[in-house]
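Each remark here refers to the structure printed beneath this line.
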Amino acid sequence: MPSKYKVTAETIETIKDCALRGLNDVQTAGVLGIHRNTYCNLKKTNSAISDTLKEAKQASQKRRMEMAEDALEILIKGGYYEETTTQYQGEQIVSVIKKKKYRAPNTTATIFALCNLAPDKWKSINRIDTDTEQRAFAPPALNITFTEPISHLASEEEKNIIRKRNSERQQVEIDKMAAN
């Protein structure tokens, strides 16, 4: 049964705006002032609406991907950022305190990026050690296999520190598993 709802250019713009904001079908139907079933039928029968939704969803996905890549880059690099704290007394602002803080680079984010951007060079391998009596399960984050030398990433001293920390963490996990 065809819908009695009249689709206008304004309707298409509203639907596009809703899709770009990430609203679902129920929310979009509410913005349009129609029932969800009517909206779903319009999507199926009106090519202008379905084309607009397809374009808007692609644009929205591209924007979210760019935001995720920017956030990942910030996590990988680390660096300084400004934190603002506003103190109120009642509804009046008493003071605004701005602090410059440092966020260290996130190793997990770096591993994630390397494993996904260059999987042929970097891959994460989860191993289960079945040779020991405790049958310890090694934490996946500690078992990274580098298929190329990492000498360009850190000095020898830094690599030794990382190896020592990883083996200490692994031993702590093995001890926890053995205690249980």
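No value in this document is a laboratory result; all are computed from the given coordinates. None of the values given here were measured: they were computed from a predicted structure. When we count neighbours, we look across all protein chains shown, and the Cβ atoms used for this are built from the backbone with ideal geometry, even at glycine.
Descriptive notes on the structure:
- A residue that is of a type in the set (F, W, Y), under 30 Å from I162 (Cβ atoms) and exposed (fewer than 10 other Cβ atoms within 10 Å of the Cβ) occurs nowhere in region 84-98.
- Meets criteria (farther than 26 Å from M65 by Cα, surrounded by 16 or more Cβ atoms within 10 Å (Cβ to Cβ), under 29 Å from the mean Cα position of the chain (by Cα) and of a type in the set (A, V, I, L, M, F, W, C)) for A29: yes
- I111 falls short of the stated requirement of being outside any helix (DSSP H, G or I) and surrounded by 14 or more Cβ atoms within 10 Å (Cβ to Cβ).
- The numbered conditions (1) surrounded by 15 or more Cβ atoms within 10 Å (Cβ to Cβ); (2) part of a helix (DSSP H, G or I) are all true for L23 except (2).
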